[in-house]
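The values are calculated or read from the model by the stated rules, or taken from the named source; none is laboratory data. These numbers were taken from a predicted model, which means no experiment stands behind them. Cβ placement follows ideal geometry from the backbone for every residue including glycine, while neighbour counts extend to all protein chains displayed. Protein only, heavy atoms only, side chains kept; ligands, DNA and RNA dropped before computing areas. Shrake-Rupley method; radii C 1.70, N 1.55, O 1.52, S 1.80 Å.
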Number of protein chains: 2
Amino acid sequence: MDGSGEKKTIKRRPAERVLQRDPERTRAAILEAATKEFAENGMGGARVDAIAERAGTNKRMLYHYFGDKEQLYLHVLEEAYVGIRTAERELHIGDRSPEEGIAELALFTWRYFLKHPEFLSLLGTENLHRARWLRQSVRLKELHSHLIIELTQVLDRGRASGVFIETADPLNVYLTIASLGYFYISNQYTLSTIFGRDLADTANLDAWERHIVHVTLSSIKA
Amino acid sequence: MDGSGEKKTIKRRPAERVLQRDPERTRAAILEAATKEFAENGMGGARVDAIAERAGTNKRMLYHYFGDKEQLYLHVLEEAYVGIRTAERELHIGDRSPEEGIAELALFTWRYFLKHPEFLSLLGTENLHRARWLRQSVRLKELHSHLIIELTQVLDRGRASGVFIETADPLNVYLTIASLGYFYISNQYTLSTIFGRDLADTANLDAWERHIVHVTLSSIKA
DNA sequence: CCGGCCGGTAACTAAACGGTTACTTGATGA
DNA sequence: TCATCAAGTAACCGTTTAGTTACCGGCCGG
């Protein structure tokens, strides 16, 4: 064996940058960086190298903590859902009058979407792939039932006191609120371009916020 | 030069498959294949080889007719917009009563979205990239004004005859209709997964169609 | 006080990618 | 009838990509 029992040797220099040696922090940094990268470029456009660089680490760690690109993406998606559903729980929409409760949920949803456009991007990417990864998730089966249960109670109370129509349906109400927020924010770039009006302008955002509450309530009021 | 003036030579065999030699047809086939590929995989996920194969041709023709991947994508996007706006023009929503006109526009938009999910996908991809390519389009500046003009007239008539509220705004009305259709269809996969209900089921689709008309009209009725 | 383990780095690889080159074939009009 | 050119094919190329391997070093339990 031509004079060498050694395997290929790679030259090493001592690490110059400060070593972190903090697994929790590294993991969190990767997750945050991945959220941004996947939200900006989608599953197909996201680059593993870019995630590692954004997180201030390297690919080896990413594969160490999350397995591969697809599992990392699923983690990001799950974390995003946990984020909104957790914040939603703290609303307690049943504490006020039914009408105020619905208005509160609409305002919360709109403002959350506005503050977390990366969540909307991730939903868009996941739907492009027909929920291929979300359907594999085991963490998310029980997460969303709380919202529907609480919304059902609010609508029941509203119907009983005669302020809401009989046909008011919890899923329909939530989908209405989410539709009006999601479309406006996620499609703002093409809409602003084709209609020649900047939808991200503060005055327009405020007007749409009021519009969402108005549309939602007027569709269920007796 | 070691015994050869020739450049690298490639072996050729006679073409076995039927030659089309039909530029129009080839161009159209590439455009259709590209629409599917971009809609299914987004800009980042779409593969040039896959488009060529789907079109029954090869990459050389694709680059010959469309320049590069980005220009092909822009052509696909422009064609998609031309498609919906052209169909929309033939509605003539001003021909009936204002209320029927709005209902007609809502029904048309919903059914068009339902029939052309690839259009919704393309919008999603384009917005992910903040309308990067659409903003470069020179064909699409005048395309959308007709819709707003006709909608303005219908709302004016409705206001004048007292059936619509004074604050009814044409862009808001269109965005409401589009929101409710877009979100339901484009996000059907994640929504069906998390809420455990198949939104693509015919009964649910019919119910949502009625819901869109109801929500749109109830939000502007006097 | 030291050996192994875990957190960490960077160079490497095979495959896939967008885009190009070299060449062939059929139609057409001078 | 043949020169010319557009239509078409497939091999090729340089780069990028997801994923791996080889190696380093601080720290903690025995």
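Assorted remarks:
- Across region B:68-220, the volume of the C-alpha convex hull divided among the residues equals 125 Å³ per residue.
- Our coupling estimate for region B:211-221, obtained by passing each phi through the Karplus curve with A = 6.51, B = -1.76, C = 1.60 and θ = phi - 60°, is 4, 4, 4, 4, 5, 4, 5, 5, 7, 10, 6 Hz, Gly and Pro reported as x.
- Averaged over A:188-201, number of beta-carbon atoms from partner chains that fall within 10 Å: 5
- The H on the amide N of residue A:164, modeled in the peptide plane, is under 5 Å from the matching H of A:159, A:222, each at least 5 residues off or on a different chain.
- Counting, for every residue in A:118-126, the Cβ atoms of other protein chains within 10 Å of its Cβ and taking the mean gives 4.
- When nucleic acids and ligands are ignored and a 1.4 Å probe is applied, residue A:129 ends up with an accessible area of around 40 Å².
- Counting only other chain Cβ atoms within 10 Å of each residue's Cβ, the peptide A:135-145 averages 2.
- Zone of residue B:221's modelled label, taken as backbone nitrogen in region A:181-222 under 16 Å from a point 7 Å along Cα→Cβ: A:215-222
- The angle between the Cα long axis of helix A:69-89 and the main principal axis of chain A comes to about 30°, on a 0 to 90 degree scale.
- Ranked order, A:210, B:197 - accessible area, probe 1.4 Å, largest first: A:210, B:197
- For region A:135-146, putting each phi into the Karplus relation 6.51 cos²θ - 1.76 cosθ + 1.60 with θ = phi - 60° gives couplings of 5, 7, 6, 9, 6, 9, 6, 9, 5, 9, 5, 4 Hz, in residue order, rounded to whole numbers and with x for Gly and Pro.
- Each residue of region A:155-171 was assigned a 3J(HN,Hα) from its phi angle through the Karplus curve 6.51 cos²θ - 1.76 cosθ + 1.60 (θ = phi - 60°); the sequence is 5, 4, 4, x, 5, 4, 8, x, 8, 10, 6, 5, 7, 4, 10, x, 5 Hz, with glycine and proline shown as x.
- The residue list A:77, A:208, A:106 was ranked by how far each Cα lies along the charge dipole of chain A toward its positive end, using unit charges on Cβ atoms, and A:77 comes out on top.
- Distance violations [Cα-Cα > 32 Å] among B:69/B:141; A:221/B:36; A:36/B:69; A:115/A:221; A:36/A:221; A:115/A:141: A:221/B:36; A:36/A:221
- Spherically averaged projected area of region B:19-67 from its Cα convex hull (nm²): 3.1 nm²
- In region A:79-185, GluC sites (Glu not before Pro) in a DSSP loop with at most 11 other beta-carbon atoms within 10 Å: A:90, A:142, A:166
- Accessible-area ranking of B:89, B:27, largest first, probe 1.4 Å: B:89, B:27
- Exposure rank, largest accessible area first [A:149, A:177; 1.4 Å]: A:149, A:177
- Rounded to the nearest 20 debye, the dipole size of chain A about its Cα centre is 1020 debye, using +1 on the Cβ of Lys and Arg and -1 on the Cβ of Asp and Glu.
- Residue with peak Gaussian network fluctuation, chain A [Cα springs, cutoff 10 Å], from A:32, A:209, A:24: A:24
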